1. Condition first: over 20 Å from residue 170 (Cβ atoms) and of a type in the set (Val, Ile, Thr). Can you find one or more residues in segment 63-70 that meet it?
2. Does residue 281 qualify as being modelled with pLDDT of 95 or more and in contact with a Phe, Trp or Tyr (Cβ under 8 Å, 6 or more places away or on another chain)?
3. Given the criteria surrounded by fewer than 18 Cβ atoms within 10 Å (Cβ to Cβ), over 18 Å from the mean Cα position of the chain (by Cα), modelled with pLDDT of 95 or more and among the small types (Gly, Ala, Ser), does residue 189 qualify?
4. Among the residues of segment 99-126 satisfying the criterion of being touching a strand residue (DSSP E or B) at 6+ places or on another chain (Cβ under 9 Å) and assigned to a loop (DSSP other than H, G, I, E, B), which is surrounded by the fewest Cβ atoms within 10 Å (Cβ to Cβ)?
5. Could you tell me how many of the residues in segment 290-315 are at pLDDT 90 or above and either surrounded by 15 or more Cβ atoms within 10 Å (Cβ to Cβ) or not charged (D, E, K, R) (or both)?
6. I'm checking my understanding of the structure. Among residues of segment 26-57 that are more than 18 Å from residue 275 (Cβ to Cβ) and in contact (Cβ under 8 Å) with a residue 40 or more places away in the chain, which one is farthest from the chain's Cα centre (by Cα)?
7. Could you tell me which of the residues 101, 61 is charged (D, E, K, R) and either over 14 Å from the mean Cα position of the chain (by Cα) or modelled with pLDDT under 95 (or both)?
8. Output the qualifying pairs, or none if there are none: Cβ atoms under 8 angstrom, residues six or more apart or on different chains, first residue in segment 227-244 and closer than 9 Å to residue 204 by Cβ, second residue in a loop (DSSP other than H, G, I, E, B).
Amino acid sequence: MTTSDSHAARPARPFGAVGTALVTPFTADGKAVDLEAAQALAEHAVSRGNDLVVVAGTTGESPTLSDHERLDLARAVLDAVGEKATVVAGAGTYDTRHSIELARAHADLGVHGLLVVTPYYSKPSQQGARAHLEAVADATDLPVMLYDIPGRTGLPLAKDTLLRLAEHPRIAAVKDAKSDLHEATEVMAATGTAYYSGEDALNLPWLAIGAAGIVSVVSQVAPELDAALVRAVDRSDLDAAREIHRALAPLVSAIMTCMPGAVAAKAALMLQGVLPHAVVRAPHAPADADHVQMLARAIDDADGITPVHASRRTL
């Protein structure tokens, strides 16, 4: 197979290639969404290589957002980067009716796609989960990215369910945090469904087996590195991809394994001067001083991140 043939064989990228799961900035008292900060953060990510921005996902602390806040956030990010990047809004809940309402409201705003998580907490059957996801996909004309994250929902999507869901004309992709690369390979081969890595530690393995791209927490902290990783895989430069993957590893560990991703990402962005503070909403607790120091070391050690401000802020 020639290089051009191998590139042609890659799956379509319905939502772009380098995505960030955007944190939701709040005002200093946590009572409101800081829309100007959200716009600045989206601009920061897109100007440094991201072509996909996901708002009001898990990292965006979506369970703590009112519907009004979700819509204001999506509108603000659309205004900021909607002409330069794909803007996808989280519309999934554990209530099918509520999810449909959110999907339609976001479609009215003009977002480019929807992220719909598997219903959580209630743990429906596979049939119930499929009916839920199809109902949300039926509600608008927008392309849908399913979010398969059993570590949070308690419900993995079975292979047969994924194959059935792939038949829906608007279900275009899966953001996978289940990490079953073999199952995903079979689903991609059978359906052409685009997969996006939903686990930063596995971005390179996902891309190597044919994932369309990534939806990353770390990519808002190190957007240049994640963009370079995707470009390296696209040009079949495995040596360069491995080098970038290894350079990212300490930062991935610092953000994704020692505390919730939303908490760590906000603290890292504050250290970089991208966000004015790292306020999170309960039940999240802010990063403690030891974790902030660990994040600072990881940021300093990650070659390839463009400094934003020379001086760091403190909690």
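The values are calculated or read from the model by the stated rules, or taken from the named source; none is laboratory data. Since we're looking at a predicted model, the values are computed, not measured. Note that each Cβ is placed from the backbone with ideal geometry, even for glycine, and that neighbours are counted across all protein chains shown.
1. Pass one, segment 63-70, residues over 20 Å from residue 170 (Cβ atoms): 63-70.
Applying the additional criterion that residues be of a type in the set (Val, Ile, Thr) yields 64.
Yes, some residue in segment 63-70 is over 20 Å from residue 170 (Cβ atoms) and of a type in the set (Val, Ile, Thr).
2. Details: modelled with pLDDT of 95 or more: yes; in contact with a Phe, Trp or Tyr (Cβ under 8 Å, 6 or more places away or on another chain): yes.
Spelling it out, residue 281 is indeed modelled with pLDDT of 95 or more and in contact with a Phe, Trp or Tyr (Cβ under 8 Å, 6 or more places away or on another chain).
3. Yes: the conditions hold for residue 189.
4. 110
5. The number of residues fulfilling the criteria is 8.
6. Out of the qualifying residues, it is 49.
7. The conditions single out 101.
8. These pairs meet every condition: 244/304.
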